[in-house]
Every structure is written in C-alpha cells, then in structure tokens.
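This report refers to the structure that appears directly beneath it.
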Amino acid sequence: MPSENFSELLNVEDLSVDFVSVDGRVHVLNDVSLRVNRGEIVGVVGESGSGKTTLGLAILRLLDTPPAEVTSGSIIFDGKDIMKIDEAELWRVRGTGMNMVFQESLIALNPVYRVESQIGESIEVAGKSKNAPVSGKEKHEEMLDVLKQLCLDRPEIVLKKYPHELSGGMRQRVSIAMSIVQTPKLLILDEPTTGLDAYVQNRILQIVRKLSREFGLSMILITHDLTVAAQICNRIYVMYAGRVVEVGRSEQILEQPLHPYSETLLAALPKGYSDSPPLPVPQGEPPDLRRLPSGCKFNPRCPYAMEICKRKEPELTGFEDRLISCWKYSEPQTVVALQTA
Ligand code: SF4
C-alpha cells in the first residue's frame, strides 16, 4: 500500500498476545501488524472482542502480565524496541514518546484533585523527563494555553474544577490535555468520543485532527464506530477476533469496503452515509474468543461463506492497493484447488 510520503514512527510486526487463566489460554491477538507514520492518524476499528484495546495497551507495554502474555512479535517505536527497553527508558517513552487517552475520562482523572493539579503534574513529569524543569508561572501559562487549544471556554475556571464538576466532553478534553502537554509523538485514543452526544463528538474529533495537523502528532484512534474513524483517519485497520482483516485508506473502506465484515460495519451506519445497497448486519453474537470456529473466524456470520472458509483461515495479503484476509479475494484457481483438496 502506498505510504503517503510519511516516515515510519511505529511498526508492530506479527504481535500475538494470549490471556492465561485457570480456565486455559485465550488468543486475544493473532499476528497483528500495524504501521503508523509520522503525522498520520490511523484508525483501528472493530466491535467488542476484536482486540483493539489490547493492541493499544500492548504498544505501550501496559498489559498486566500475567494474565497477559506476549507470545510473539515486535514493537518498534521511533527506532526503539519497546519489548526490550528497560523500565527507566520505558517511563521516558510513555511520557514524551507516546501515551494513551482512555475511554472513561472519569476513571482516568483523579476525583480528589482539581484539574489544575492533574494537568500541572503532567507538565512537571514532561519537564523532568526532558531535563527542563518548568517554573510555576510557565506551568500556569501552559495549562491555560492547552485548554484554549482544546476549545475549553474560560480555562481559568476549568482549572479550578474537580472532574465531577465537568461535563463528559470537558473531562475528555482535560484527559487529552494531560497527554498532549507531554508533547508525545504518538497519541493512542481509545474510544475518545463514546457516550458523548453528536455535537461534542464532532467537536472533539475536529480538535484531534487540528492537533495532528498543527503539531505533526501521530495518532491511533481505537473505535467501534466506522464513521468516527472515517472523519479523521488517513488509514483504517479493521479488526475481527484478534486479527486484522482489512487495511486501506479511509475513503476506500468507507466507499468500497472489501472484507464482508467491513461491509457489514458500513451497512450498520446511519442511512445516507453510503450509496452502497444495504447489506445484512452480521448475524449472531460478536466472537467468543474461547470458542472460535475453524477456518475464517467470521464464517458463521458471513453471507458469502464458502466451503473452504470453514476449513482454512485466509492470510492477510495484498489485493490491489490494500490488504485483505478473505478467500473471496483470492485467485479463483487457488480457491478451487483448496476446495477440492
Ligand atoms: Fe466470508 Fe469466507 Fe471471506 Fe471469511 S473468508 S469473510 S467466511 S468469504
């Protein structure tokens, strides 16, 4: 796939993660590869159980081990092998290299501290890790500045508030502020607009896109909502059952999705978003990772399933200028040969 003239910042290769418990081992991520270029916004889209949040946590080495166990793969960020760096280096990377904004801003923020203390602490941490301590005056000015960038009116008043005194949209912007004052190169946003009304959601997405454009900030946007990803992402990775099943530019995925699962995600969008004829929304429940079917993991819900789909799992391979994992897009002779083998 063409790389739109960005240089690479993050390269995740064949990452596999299991969760191990007394009930057994569950494969949560299977050979996931993902690339993020400098200044690029990449969407990771899929329903619950697709592994997208696990992927975000793994990139930051934030998974609890145990129960999580990385069984294979590599994560190279800005030239550093994240799986091999020591704790001190990891601490620096998490502060000023990359960090994550979580879905539940009320949980992410400390309820007993005012906004001013929480953003101020992030600024101090960033200053220490860069060996450039900031004065109280500089810190205060930076806090006001970042809240203005995030379009929070009357920032002086916001700084004096406790998290529970803010609306959901304001809290989410405070969470983003705490991340961006550390001037990371990569920001991972996990469902940043879930639970917010459409107006606030659009406002936050516009702000996020502006931050990326103005500061060259790279982002991974994790979401179950294809419309959210399509609004701001350059490329989209569609995930299903811990696997990447399609990768393409946003407009490709939105206008002409190829993988049947991507098609059904598009079919679930509000009317008028797409000219495509309506397709059946996937039948059945999201996948239970403890009991996945053989062959293609989407086959029980796929309207195009063939005999081979139940026997053999397709690999993620190039098709035209995108990547796809589906027998529908394999050479017909390959499918016939495998059907009759
Ligand atoms: Fe459907 Fe088969 Fe493609 Fe899987 S491989 S998505 S079951 S057509």
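The values are calculated or read from the model by the stated rules, or taken from the named source; none is laboratory data. Only a predicted model underlies this, so the values are computations on that prediction, with no experimental measurement involved. We place every Cβ from the backbone using ideal geometry, glycine too, and count neighbours over all the protein chains shown. Surface accessibility is based on the protein's heavy atoms, side chains included, excluding ligands, DNA and RNA. Shrake-Rupley method; radii C 1.70, N 1.55, O 1.52, S 1.80 Å.
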Any lysines whose Cα falls less than 24 Å from that of LYS161, other than same-chain ones fewer than 8 residues away, would be LYS137, LYS139, LYS148
One can check that the equivalent ellipsoid of region 107-183, built from the alpha-carbon gyration tensor with semi-axes equal to the square roots of five times its eigenvalues, has lengths in Å, largest first, of 20, 13, 11
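So what is the diffusion coefficient of region 10-110 in µm² per second by Stokes-Einstein at 4 °C and 1.567 mPa s, using a Kirkwood Rh over Cα pairs?
Details: Rh = 14.6 Å.
Here the translational diffusion coefficient equals 89 µm²/s.
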In Å, the C-alpha Rg and Dmax of the chain are 21.2, 74
Listed residues ARG243, ARG92, ARG291; largest mean-square fluctuation, Gaussian network over the chain with Cα springs below 10 Å, found at ARG291
Dividing the alpha-carbon radius of gyration of region 141-188 by 2.2 N^0.38 Å, where N counts its residues, gives 1.10
Counting only residues 5 or more apart in sequence or on a different chain, those whose built amide H sits under 5 Å from that of GLY39 are SER218
Any residue on another chain or 5+ positions along whose placed amide H is under 5 Å from the amide H of MET100 is listed here as ILE188
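Could you report the chain's accessible area per residue, 1.4 Å probe, as an integer in Å²?
On a per-residue basis, the chain sits at 48 Å².
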Carbon plus sulfur, as percent of the 1.4 Å-probe accessible area of the chain, comes to 51
Relative to the compact-globule estimate 2.2 N^0.38 Å (N residues), the Cα gyration radius of region 146-279 stands at a ratio of 1.17
Projected onto the charge dipole of region 107-183 (unit charges on the beta-carbon of Lys, Arg, Asp and Glu, signs +1, +1, -1, -1), the Cα from LEU152, VAL181, LEU109 with the largest positive-side position is that of LEU109
